[in-house]
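Structure, as structure tokens:
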Amino acid sequence: MNLYLRYFDRETLVSTVDEAIDFLKSIDEIEMTPELEADIRDYAASDVFYPKRYKIHPRVYFIIIKTEAATMQDFKEKKAVHEMPPAKSASPALARLNEICEGWYEGSLNFKRVLLVPGTGKFQYRDTLFVARVKASSGMECYERIIEHLRDRVDERSQFPSAKGKNFSFRFLGYAK
């Protein structure tokens with residue numbers, strides 16, 4: 001595993017932590033403290049593959065990136081990018097959202113509704129629960145029909161949650177006749 005370091009236009013690709021520390025010591029603006037050195041060694045030894053940035057002054061940083069690139073050109077061309085493990089498949093709830101099943105659904109939507117406050121003439125957001133039974137072919141279509149219905153009936157500044165979020169739920173009631 002190699003380390004790529006960059007501070008403004010100065011950069012290097014090194015194969016050991018000692019070489020990385022020597023590079024950083026050669027830069028006058030970077031004060032190499034025992035804590036900084038220990039943190040760099042810990043980062044290099046860890047299983048973390050995300051880039052790490054270190055603050056030198058306000059809005060001034062240097063970065064370290066772990067790479068399997070053997071040369072600077074390989075690194076620049078991203079030939080040795082560390083592959084992250086594949087993401088887990090969609091959750092069962094998300095898979096159910098797009099599952100096609102014609103029939104009646106009960107959808108429950110908790111959204112931010114804009115309402116006029118009597119007496120003050122000002123508006124405020126209020127959490128509002130809306131439940132409806134709709135004929136649809138999937139949970140997603142149920143969500144879309146509820147949103148379509150509400151858009152014409154509430155203030156346009158109202159905020160609707162995502163179908164994938166926790167503020168929308170649905171259940172299949174039965175097949176349509």
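The values are calculated or read from the model by the stated rules, or taken from the named source; none is laboratory data. All figures in this text were calculated on a predicted structure; none of them were measured in a lab. A quick note on method: Cβ atoms are made from the backbone with ideal geometry, for glycine too, and the neighbour counts reach across all protein chains shown. Surface areas here come from the heavy atoms of the whole protein model, side chains and all, with no ligands, DNA or RNA. Shrake-Rupley method; radii C 1.70, N 1.55, O 1.52, S 1.80 Å.
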Report summary line: Those residues of the range 2-20 that are surrounded by fewer than 18 Cβ atoms within 10 Å (Cβ to Cβ) and not acidic (Asp, Glu) come to a total of 8
Query raised in the report: (1) aromatic (Phe, Trp, Tyr); (2) open to solvent by 80 Å² or more (accessible area, probe 1.4 Å); (3) at pLDDT below 90: which one isn't true of Phe49, the others all being true?
Result: (2)
Query raised in the report: Taking the range 52-71 as the search range and keeping residues that are within 16 Å of Arg6 (Cα to Cα) and of a type in the set (D, E, K, R), which one is least open to solvent (accessible area, probe 1.4 Å)?
Result: Lys66
**Report entry** Every residue from the range 132-168 that is open to solvent by 60 Å² or more (accessible area, probe 1.4 Å), assigned to a strand (DSSP E or B) and over 14 Å from Lys112 (Cα atoms)
**Finding:** Arg133, Lys135
